[in-house]
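What follows is calculated from the coordinates using simple rules that are stated; it is not laboratory data. Note that the structure is a prediction, hence the values are computed from the model and not measured. All Cβ positions, glycine included, derive from the backbone under ideal geometry; neighbour counts span all protein chains shown.
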Amino acid sequence: MSTSPILDLAGITLEVNHLPRGVRFYTQVLGLDLEALDEVRQTARFRVNLAQTLTLWKPVTRQASAPRLAPLHARGASHLHYAWQIEPDDLERCKSLLDEHGLEWTEIDLGTPERPDPTVYFFDPFGHGLELRGVNRADERQPALPPVPRPCPPHALPVMGLREAAIAFSDYPAMLARLPRAYGFALAKEQPDRDFAQFTLGPEPEHDGNGTPRRWLYAWDPQVGLADMFGGDHALLQFYADVPAVLARVRAEGLPHVETGEQLAVRDPEGHVFEFLPLPK
């Protein structure tokens, strides 16, 4: 088995139709620090932790979210399902905080009777589906950049990091072959009852067991999924990776891409744009 060049999840971009409302939601409810606001390009970038970012983008006609991505016609996801990592003991407090913010939520146990794994789902103001998933920071299945608790305002959800993103593919069999071949994503498993694949964002495929601090990419057919959450279309996702190794695969595949310094951005045939960054030094 070859080692995957994909190392971790670095960031995601969400499309919004009202940037100030998005800034208020993600600062007040999630407690994220606003790192950069570009009112011309209508983007806002938040610092999730030392290694991960969340970007909001209000699409503007004939204007790219970032100049370096203009040749790839990159967008942000218009309805992305993604997950946050929290301490398991914080789940009850998170439900109370969601109530205080007037947000409806759904709890689903993704574990087993022997080992429960309660998970909470809710939506932001733009229809993006958010998930709160408890992680055992002592688990040996660590990502390249492990989650660490951060200072958080008392009114905000105590999130530690981004856990996963779920994106849709209309041609599932082609995706299943292409993601490992063209980029090096490590296929962990498929679900037996639907077109749903889980890729470990790390050097080796691992089971997505409850409590793992690992990060994940989920790829599925476009349909309503768990807790009525769609997988994202035309997503813009960032990953930490061995960039030269990914570049060799992308060139062999003949995919459109741009290189900016040590970073690589690639347009997938389904319209998603993936950015690959070296690990922070």
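For this structure, a couple of remarks:
- 3J(HN,Hα) from dihedral phi, segment 18-25, Karplus parametrisation 6.51/-1.76/1.60, rounded to Hz, x for glycine, proline: 7, 5, x, 5, x, 4, 4, 4
- Peptides 249-262, 161-174 ranked from most to least packed, by the mean per-residue count of other Cβ atoms within 10 Å: 161-174, 249-262.
- Ranked for footprinting exposure by Cβ neighbours inside 10 Å, fewest first, GLU270, GLU204 give GLU204, GLU270.
- Efficiency of FRET between GLN142 and THR61 - r from beta-carbon atoms, R0 45 angstrom, step 0.05: 0.55
- Coordinate range along principal axes, alpha carbons of segment 156-233, Å, largest first: 40, 31, 22
- Over all directions, the projected convex hull of the C-alpha atoms in segment 6-277 averages 13.7 nm² in area.
- Taking amide H as placed 1.01 Å from N in the peptide plane, ALA10 has its amide H under 5 Å from the amide H of GLN238, PHE239, TYR240, each at least 5 places away in sequence or on another chain.
- Within segment 1-55, the GluC sites (Glu not before Pro) that combine a DSSP coil assignment with at most 16 other C-beta atoms in a 10 angstrom radius are GLU39.
- Debye intensity ratio I(q)/I(0), log10, segment 3-108, q values 0.09 Å⁻¹ (C-alpha model): -0.28
- Rounded to the nearest Hz, the phi-derived 3J(HN,Hα) couplings of segment 6-15 under the Karplus curve 6.51 cos²θ - 1.76 cosθ + 1.60 (θ = phi - 60°) are 7, 10, 5, 8, 9, x, 9, 10, 10, 7, where x marks glycine and proline.
- Relative exposure of TRP84, TRP57, judged by other C-beta atoms within 10 Å (fewest first): TRP84, TRP57
- Selection from GLN142, ALA66, PRO269 lying farthest towards where the dipole of segment 6-277 points positive, charges on Cβ: ALA66
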